[in-house]
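Please read the structure below before turning to the comments.
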Amino acid sequence: MSASGYLREAPRRYRLEGAACKGCGAIHFPPRAVCDRCGGRDFEARELSGEGELLAYTIIRHPPKGFEGQAPYAIGIVQLKEGVRVLAQITDCDPAELREGAKVEAVMRRIREDGGFIEYGYKFRPA
Amino acid sequence: MLRANVPIGIEGFGAYLPKHRIRLRDLPLAQGAVPQDFEKAICGPDEDAITMAKEAVERALRMAGVGKAGIGAILCGTTSNPYSGKPIGSVLSKALGIEGPILAADINFSGKSCSEAFLLCAGLVGSGMASRAIAAGSDSIPWGPWNEGAIYSSCGAAAFVLGRDGGSSIASLEGSSTWVMDALDTWALRGSAQRRNSGRFAERAMVQCVTSSVEALLRELGLGPGDFDHVILPQSDPRSASGLAKRLGFKPEQMEAGLVLPKLGNVEALSGMLGLVAVLDVAKPSERILVATFGNGAGSDSFSLLVKDAIEERERGDFLNQLSRKGYVDYAGYSRLLLGVSVSRA
Ligand SMILES: [Zn+2]
């Protein structure tokens, strides 16, 4: 990933900044150009709570490049309080002890070091 | 004495501790040399001074409840920025959504970097250059794990939101003092992981700096050792705090709430300021707090705080909760974490 592309996405990577549709109030994460509920194109930035529930997860034992040191780790789908679903790494836990339905919260962590800089982004940890 | 033109207050405070701990007796070099029940924190494989600082600042802002408006500065004290050519402060400003006309800077390289950030923020608010300023401190273990001096080195972050003293502040800054003295007590050359120590001279430098700074503060404020309910003194090893207390006339019960070394180790740039967080977590209105910090080759800062009624309205106890929310790793796990490698076995 390029440094400029990374920084453009920083508001959502660092603090889960989504977009609230001014037409119908729907919240989108990641932000999008057109609201899939009302077709509106007018949004305002909305920081999501980061509080959610782990819907499903899987354990990665053979990680892709850049994630070697972190394996084994869990990747899960989290349903946020705002109704949005997010796919992210689950951190600060023993993957063997995770369970579906667990309460989780978002944190900013190191994702990987690639392209000569440190990528930070959201993960979830047991709440 | 350093005192701002307008009264300064703390509006919120917060800390972040990683969940991993190691008992010092499990470190090979430490066996027999350290108190058997001491432990310290170690970062997870995806944590560093930047991620920890962000969490501490968020917690401080949440307690302050003032939003992000009016924040004119964010200063971070650290000895372990993961970047050697890029400040933590600018990453924090983006992570918090306050990029723009903000003074963001790092205060580097000493055991009092966080108190330096704190006093500089007080100066910015006190001079009217900022309505509000965030003083943070964050450190991961900065030195080689097999270096003897690093036995107590630990990980964590703290943050304080400073503003004009008013109805919303939880503690007033009564005054501060500082003492700088060039000393080759403990130091490291750029690019070298080796920490050099001049032995007994190092202890003499600490005693001289801290007593000079604290005695000047007490004199200027017209206070004596008995006027403080809580006292936080430098605690880089088990002997330093008690030795300084004896010399300055403080009693063990004044030191109790702010002594975090046994449970947490020495989080270099902010060890004393984490002691302050521990005290603020339990302090009662009208109590007076003395904080004195020390940095090798950097001197000593000290300041006095008076706790206000508004502290009772805040949700507190987060630091103490984090102290007890922990999981132990053994020496193998500790070594893996120092290399940034996961310890889970699933
Ligand atoms: Zn819509």
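The values are calculated or read from the model by the stated rules, or taken from the named source; none is laboratory data. Everything quoted here is computed from the prediction, not taken from an experiment. FYI the Cβ positions are ideal-geometry reconstructions off the backbone, even for glycines, and counts take in every protein chain you see. For accessibility, only protein heavy atoms count, side chains too; no ligands or nucleic acids. Shrake-Rupley method; radii C 1.70, N 1.55, O 1.52, S 1.80 Å.
In sequence order, segment B:161-171 has phi-based couplings of 9, 10, x, 5, 5, x, x, 8, 7, 9, 7 Hz under the Karplus curve 6.51 cos²θ - 1.76 cosθ + 1.60, θ = phi - 60°, and Gly or Pro positions carry x.
Taking N as the number of residues in the protein assembly as shown, what is its alpha-carbon radius of gyration divided by 2.2 N^0.38 Å?
Working: Rg = 22.4 Å, N = 473, 2.2 N^0.38 = 22.8 Å.
It is 0.98.
Treating r as the C-beta distance of B:ASP330 and A:ARG41 and R0 as 41 Å, the FRET efficiency rounds to 0.15. Think of it as helices only: each DSSP H run of n ≥ 4 in chain A is worth -39500 (n - 2.57), and spread over all residues that comes to -2000 deg cm²/dmol at 222 nm.
Using the Cβ-Cβ distance between A:ARG125 and B:PHE201 with R0 set to 35 Å, the FRET efficiency from 1/(1 + (r/R0)^6) comes to roughly 0.20.
Computed from the C-alpha gyration tensor, the three semi-axes of the ellipsoid equivalent to segment B:191-268 are 25, 16, 10 Å, from longest to shortest. Taking one quarter of the surface of the convex hull spanned by the alpha-carbon atoms of segment A:49-127 gives a direction-averaged projected area of 5.1 nm².
Going by accessible surface with a 1.4 Å probe and the largest first, B:ASP48, B:ASP227 read B:ASP227, B:ASP48. A 1.4 Å probe run over segment B:41-158, with the rest of the protein chains in place, finds 30 Å² accessible per residue. Under conditions of 10 °C and 1.306 mPa s, segment B:1-91 yields 97 µm² s⁻¹ as its translational diffusion coefficient, taking Rh as the Kirkwood radius over Cα pairs in the Stokes-Einstein equation.
Neighbouring Cβ atoms from other chains, within 10 Å of the Cβ of residues in B:89-102, number 2 on average. Distances between placed amide hydrogens fall under 5 Å for A:GLY23 paired with A:ASP42, all partners being 5 or more residues away or on another chain. Considering only B:GLY327, B:GLY297, B:GLY126, the mean-square fluctuation computed in a Gaussian network model of chain B, springs between alpha carbons under 10 angstrom, is largest for B:GLY327. Backbone amide hydrogens, once placed in the peptide plane, bring B:SER153 within less than 5 Å of B:ASN266, excluding anything fewer than 5 places away on its chain. Rg/Rh for chain B (Cα atoms only, Rh after Kirkwood) is 0.94.
If you filter segment B:175-276 for trypsin sites (Lys or Arg not before Pro), then keep DSSP loop positions with at most 13 other Cβ within 10 Å, what is left?
In loop regions of segment B:175-276 (DSSP not H, G, I, E or B), the sparsely surrounded trypsin sites (Lys or Arg not before Pro) are B:ARG190.
Using a 1.4 angstrom probe on protein heavy atoms only, the contact between B and A buries about 2200 square angstrom of accessible area, both sides summed. Cα centroid separation, segment B:245-312 to segment B:59-117: 21 Å. Shown here: segment B:1-160, whose C-alpha atoms stretch 52, 36, 30 Å along the first, second and third principal axes, sorted largest to smallest. Spin-label model, A:GLU9 to B:SER84: label points 7 Å out along the Cα-to-beta-carbon direction sit 2.9 nm apart.
Where the accessible area of segment A:1-48 is counted over protein heavy atoms with a 1.4 Å probe, how much of it, in %, is carbon and sulfur? Taking all protein chains in place, segment A:1-48 shows 44 percent carbon and sulfur surface. Listed values for segment B:204-210 are Karplus-derived 3J(HN,Hα) couplings in whole Hz (6.51 cos²θ - 1.76 cosθ + 1.60, θ = phi - 60°), namely 4, 4, 5, 4, 5, 5, 5, and x replaces Gly and Pro. Sequentially through segment B:269-279, phi angles give Karplus couplings (6.51, -1.76, 1.60; θ = phi - 60°) of 5, 9, 4, x, 6, 6, x, 5, 4, 4, 5 Hz, Gly and Pro residues having no value and appearing as x. Taking every Cα-Cα distance in segment A:1-48 and sorting them into 5 Å bins from zero, the calculated P(r) comes out as 5, 25, 27, 18, 14, 8, 3 percent.
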